[in-house]
Amino acid sequence: MRILLVEDNRRMSESLRMTLEEDGYAVDTAYDGLDGEEMGLISSYDIIILDIMLPGKDGLEVCRELRDRRVSTPILMLTARDALDDRVQGLDSGADDYLVKPFEVDELRARIRALLRRESSSKSGSLQVADLILDPATHTVRRGDQPIELTAKEFSLLEYLMRHPNHLVTREMAEEHLWSYDHVIASNVVDVYIRRLRGKIDDPSEVKLFETMRGAGYRLRVPEEK
């Protein structure tokens, strides 16, 4: 999952970026409203975390502009002020949720997961395709009764596929959602991670979930019920 973090406090931004990247998210950062708005308009993100108090253009204006330009990405607004009027303005400008500073990182994680659930066909905490179950909250994966150990990036790719079951995911789509702007990746990196996931998830099972769409990409196939 790819996140845009727009926060002018560079120390806080760097701390949040490192934390979210450790969780497996790809994170792009902007430090003022103008850059944040431009990045939100030209790139595809799963979540935008947007501070209200920003130089250049405040977060409320940025949020309104993104919504006016038909950007539907979930927006989590950060504010140092807990006044009711600020929260109302944030939600009325098009934000989906807000978080008052200072906040605990675990609460930020929970709110991100909640926003991702709103965009997913699955409204429960976990994702399931056949007997494959992924829980974003506990960062665990199992197939049937068998737990599966994944790296952070393997987990992120699997989560992305499971949020779009039966849909084609091209290599370009996977790269865009799993790696930030400043990350240089090899041309076959998605193929490498798919092979790793197949080895851990499909190889031990009779029912295969990963499907290669030759010349196009991959999809996680929901088996037809017999």
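The values are calculated or read from the model by the stated rules, or taken from the named source; none is laboratory data. What you see is a predicted model; the values in this text were computed from it and never measured. Cβ sites come from the backbone with ideal geometry, for glycine too, and all protein chains shown count toward neighbours.
Would you be able to say whether some residue in region 74-90 is among the basic types (Lys, Arg), modelled with pLDDT under 95 and surrounded by 15 or more Cβ atoms within 10 Å (Cβ to Cβ)?
Taking region 74-90 first, the residues among the basic types (Lys, Arg) are 81, 87.
Add one more test, that the residue is modelled with pLDDT under 95, and what stays is 81, 87.
Pick out the ones that are also surrounded by 15 or more Cβ atoms within 10 Å (Cβ to Cβ) and you get 87.
Yes, there is a match, as at least one residue in region 74-90 is among the basic types (Lys, Arg), modelled with pLDDT under 95 and surrounded by 15 or more Cβ atoms within 10 Å (Cβ to Cβ).
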query: Does residue 157 meet the test of being part of a helix (DSSP H, G or I), at pLDDT 95 or above and either within 26 Å of residue 114 (Cα to Cα) or under 18 Å from the mean Cα position of the chain (by Cα) (or both)?
result: no
Screening 43, 15, 72, 93 for residues that are touching a Cys at 6+ places or on another chain (Cβ under 9 Å) and at negative phi leaves only 93
Result of the Cβ filter at 6 Å on region 65-80, keeping first residues that are under 17 Å from residue 3 (Cα atoms) and partners that are acidic (Asp, Glu), at least 6 apart or interchain, is 74/96; 75/96; 76/97; 78/51
For residue 180, the lone unmet condition from (1) surrounded by 14 or more Cβ atoms within 10 Å (Cβ to Cβ); (2) small (Gly, Ala, Ser); (3) modelled with pLDDT of 90 or more is (3)
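Kindly provide the set of residues from region 61-85 that are of a type outside the set (Ser, Thr, Tyr) and outside any helix (DSSP H, G or I), ordered by number. Steps first, please.
Within region 61-85, the subset of a type outside the set (Ser, Thr, Tyr) is 61-71, 74-78, 80-85.
Listed by number, the residues that qualify are 69, 70, 71, 74, 75, 76, 77, 78, 80, 81, 82, 83.
Here are some residues: 174, 130, 216. Which one is touching a Leu at 6+ places or on another chain (Cβ under 7 Å), farther than 27 Å from residue 115 by Cα and small (Gly, Ala, Ser)?
Working: 174 fails: farther than 27 Å from residue 115 by Cα; 130 fails: farther than 27 Å from residue 115 by Cα.
Selected residue: 216, the only one of 174, 130, 216 that is touching a Leu at 6+ places or on another chain (Cβ under 7 Å), farther than 27 Å from residue 115 by Cα and small (Gly, Ala, Ser).
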* Please verify whether region 162-185 includes one or more residues that are of a type in the set (Gly, Ala, Ser) and part of a loop (DSSP other than H, G, I, E, B). => yes
Within region 1-60, the residues that are touching a residue at least 60 places away in the same chain (Cβ under 8 Å) and in a loop (DSSP other than H, G, I, E, B) are 1, 7, 23, 24, 25, 43, 44, 46
For region 86-108 the number of residues that are closer than 21 Å to residue 41 by Cβ and part of a loop (DSSP other than H, G, I, E, B) is 4
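Here's a check for you: in region 193-226, which residue that is aliphatic (A, V, I, L, M) and in a helix (DSSP H, G or I) is farthest from the chain's Cα centre (by Cα)?
Our first condition is that a residue be aliphatic (A, V, I, L, M); within region 193-226, this holds for 194, 197, 201, 207, 209, 213, 216, 220, 222.
Cutting the leftovers down to in a helix (DSSP H, G or I) gives us 194, 197, 201.
Numbers: 194: 18, 197: 19, 201: 22 Å.
Ranking the candidates gives 201 first.
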